[in-house]
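Taking it in order: structure first as structure tokens, then the write-up.
The values are calculated or read from the model by the stated rules, or taken from the named source; none is laboratory data. Computed from a prediction, not measured in an experiment: that's the story for all the values here. Cβ sites come from the backbone with ideal geometry, for glycine too, and all protein chains shown count toward neighbours. Areas reflect the complete protein model, heavy atoms only, side chains present, ligands, DNA and RNA absent. Shrake-Rupley method; radii C 1.70, N 1.55, O 1.52, S 1.80 Å.
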Amino acid sequence: MAMRSIGVIPGLSVALAASFAAGPAVGQSEMPAEIRADVEFARNLSRAFQYAAGQVEKSVVKINAYATRSTRRGMASSFEPRPAGLGSGVIINDAGLVLTNDHVVADGNQYLVGLYDGREVAATLIGRDPQTDIALLTIEADELEAAPFADSDEVEVGEWVIAVGSPFGFSSTVTAGIVSAKGRGGLGEGGSSLYQEFIQTDASINPGNSGGPLVDLEGRIVGINTAIASRTGGSVGIGFAIPSNLALAVVERLLDGGVVERGALGVGLRALTPSESRRVPGGPGLGVVIGNILAGGPAASSGLLNEDVLLRVAGRDVEGVGDEAINRARNLISLIPPGEPAEVEIYRAGRVIETQIVTGQLRDVRLLDRAERVREATGGEAIAHLELGVVLRPLSDREKRIVRVSARSDAELIEYVEPGSPAEDAGLEASDVVVERIERALARGKKLVTLDVRRGRFADRVDIEIDAR
């Protein structure tokens, strides 16, 4: 059936224009002054949103990640890219650095960045940090506009913010809302990072927004959108952004070497009780209590004591209540480069003390802690071999008989293997038995560790070359 045309009514456009110019329709009254003031206020807020969006939208990009795979047809083979990630990013300097989420790029090895003006350019990955869900790309293009940053510590709950990105692939999409909370963590197994200190917002964030900026009304980045809480997969008004200060600290490390080496103190942290909070300078919302200081760990070497209250780290407040304060303290400590001194403020015995701490490598501190737990559980000896990334303990006489080694043997059981360590790379596992361990110095600061390993009925000799500097 043919579509019916309604045609054009002669003079209609002239009539409409005249009616708009004429003001209120017959029978309608003039808008009351107080309502007109409210409307003008709303228009002013609308103009503020327009300004903020205009400040940042040219800096926001769309990111497509692809993974190449080999295909074979007869005797010939070729490589074809398949989609491996879709999200957003933001240009942070004129040289073409693009900040985004790790989970946007993690499964890809080729990246295409769509710019505001429609250009598409290839991008190179500089580095990733899965633990904060931050990644850094670089592009080469002319006339790039970088977005400015704000101090995320100064953001207040209730403050207006806008999220910019490419939800469901729709580029340059802007949504508005407020900061609902700060210091959010506890996203659990499905969370996008281990170091969680998120800004929560009800600005609509959907799949594809990941990696885009959350900005204030001045158009400055206060966070990088990274996750939502939803039962449907779409926005229900609970979105999360990585604070800009944390994101920039990670960017610095990625530019320095492509990886983030985290500091650790070897302490337990707990939230202040309400009565403790009232005694601490600064009142509720400042500080965490230090406890369970690891013997031989960095905190013990720095002179910290159990029940010290940690107030500030490197000039930044340990703020928040409950888990929020613990998340904040953990993040601030982790961002201190291992081996470099940092100023801290603690509250001890009624007074505030300024002192210095030196953090250790997070991996090393974890190994020392594991060794301590093994000693407590077995009542015997345990050794953290930091270079290999394992915790070893001597076999008992009974275990030697089971494994069938000499009673005089120095055989050791591997209790723990650190993920990503030289030991894991060599295929070692917890419960392997090291019958013999020989270390030999090599040239250029290297060391060769040779292990005679038993696993059940099987024996193997494993050579591991490590950097001994």
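Structure data summary
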| item | result |
| --- | --- |
| Restricting the range 140-174 to residues that are open to solvent by 30 Å² or more (accessible area, probe 1.4 Å), out of contact with any Phe, Trp or Tyr (no Cβ under 9 Å at 6 or more places or on another chain) and assigned to a strand (DSSP E or B), the residue that is farthest from Ser204 (Cα to Cα) | Phe149 |
| Scope the range 300-355; condition among the β-branched types (Val, Ile, Thr) and either without any contact (Cβ under 8 Å) to a residue 12 or more places away in the chain or in a loop (DSSP other than H, G, I, E, B) (or both); matching residues | Val318, Val321, Ile336, Ile353 |
| Top-ranked residue in the range 66-85 [being under 20 Å from Gly208 (Cα atoms) and open to solvent by 60 Å² or more (accessible area, probe 1.4 Å); ranked as modelled with the lowest pLDDT] | Pro81 |
| Matching residues in the range 113-133 - criterion: being surrounded by 17 or more Cβ atoms within 10 Å (Cβ to Cβ) and in contact with an Asp or Glu (Cβ under 6 Å, 6 or more places away or on another chain) | Gly114, Arg128, Asp133 |
| Which listed residue, of Tyr111, Tyr116, is aromatic (Phe, Trp, Tyr) and in a strand (DSSP E or B) | Tyr111 |
| Enumerated strands (runs of 3 or more DSSP E) restricted to the range 222-299, each holding at least 1 residues that are modelled with pLDDT of 90 or more and touching a Leu at 6+ places or on another chain (Cβ under 7 Å) | 239-243, 288-291 |
| Conditions (1) in contact (Cβ under 8 Å) with a residue 40 or more places away in the chain; (2) touching a Gly at 6+ places or on another chain (Cβ under 9 Å): number failed by Val417 | (1) |
